[in-house]
Amino acid sequence: MIIEWKLSPEKIKLSPQQVHVWRVRLDRNSEEIHQFRAMLSEDERKRADRFHFESDRNRFIVGRGRLRSLLADYLQVAPEGIEFQYSAKGKPMLANVEQNLHFNLSHSGGLALYAIASEPVGIDLEQIRSLSDAEQLAKRFFTPAEAEAIAALPLAQKQAAFLNAWTRKEAYLKATGDGLAGLDEVEVSLIPGMPAKLLRIKENSELASQWFISELHLHPDYVAAVAIAGQNWQLCYFKDETQ
């Protein structure tokens, strides 16, 4: 399925059954980086300054700054006035906000994805890279059924299947806030070309059926997925004007 990424509207409105997915390019010019840095909290600036490589530091600044500017558009507040709090396992959330607005983000290489919805949502993005040990990694982190499925695939499909599984599992775990420790408790579809689906959560297929999950086709070099509890969600895709 080809995704139509729309330019950012002048006024953003999130309907209750919508998930807004934003695609953001992280490599920006010095003026934009300076503008995004000005939006950050003191703690975020300190985190940025701890990066050894300038490219990583700048991508962090853009990623956090763009998150702030996006949330500011939804909340109609100043980006620098947004405050975050974190769950015990590190999931970021809005602090002191009465509106029912949830978000999640993921970045890989020079791209970032943001998911914004009225319910807790998770998103994951992975740049395709060489994975010669996909079978061994699957045995270590995935369910036995998933590891067997990857082992049975032709060599050319093993890497794609592994990344399909990884992004779908992580999107779900980020939505729940459970973290990567639960990778082997979630079973997903992973065969390339087959629809994304949660099959079992802690061996419970009924629980899995209560979740919506979708693969995101954003670029040939990336694999991505978004997950949110419930069904009948409408995905809306947006991109920066500069992309």
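The values are calculated or read from the model by the stated rules, or taken from the named source; none is laboratory data. Not measured: the values here are computed from a predicted model. Please note: Cβ atoms are built from the backbone with ideal geometry, for glycine as well, and neighbour counts cover all protein chains shown.
A few remarks follow.
- Count of segment 25-44 residues, restricted to those that are part of a helix (DSSP H, G or I) and surrounded by 15 or more Cβ atoms within 10 Å (Cβ to Cβ), is 7.
- Filter pass, LEU125 being surrounded by fewer than 18 Cβ atoms within 10 Å (Cβ to Cβ) and closer than 14 Å to SER106 by Cβ: no
- Selected residue (criterion: nearest to GLU119 (Cα to Cα)) from residues of segment 200-235 that are among the small types (Gly, Ala, Ser) and part of a strand (DSSP E or B): ALA229
- Exactly one residue among ALA208, ALA134, ALA156 is free of Cβ contacts under 8 Å to residues at least 24 places away in the same chain, surrounded by 19 or more Cβ atoms within 10 Å (Cβ to Cβ) and small (Gly, Ala, Ser), and that residue is ALA208.
- On inspection, ALA160 does not qualify as among the small types (Gly, Ala, Ser), assigned to a helix (DSSP H, G or I) and over 21 Å from the mean Cα position of the chain (by Cα).
- Just one of (1) at pLDDT below 95; (2) within 27 Å of THR176 (Cβ to Cβ) fails for ARG64. It is (1).
- Filter pass, PHE238 being at pLDDT 95 or above, part of a strand (DSSP E or B) and farther than 21 Å from ALA112 by Cβ: no
- Restricting segment 54-97 to residues that are free of Cβ contacts under 8 Å to residues at least 12 places away in the same chain and within 18 Å of ILE12 (Cα to Cα) leaves a set whose member that is surrounded by the most Cβ atoms within 10 Å (Cβ to Cβ) is ALA72.
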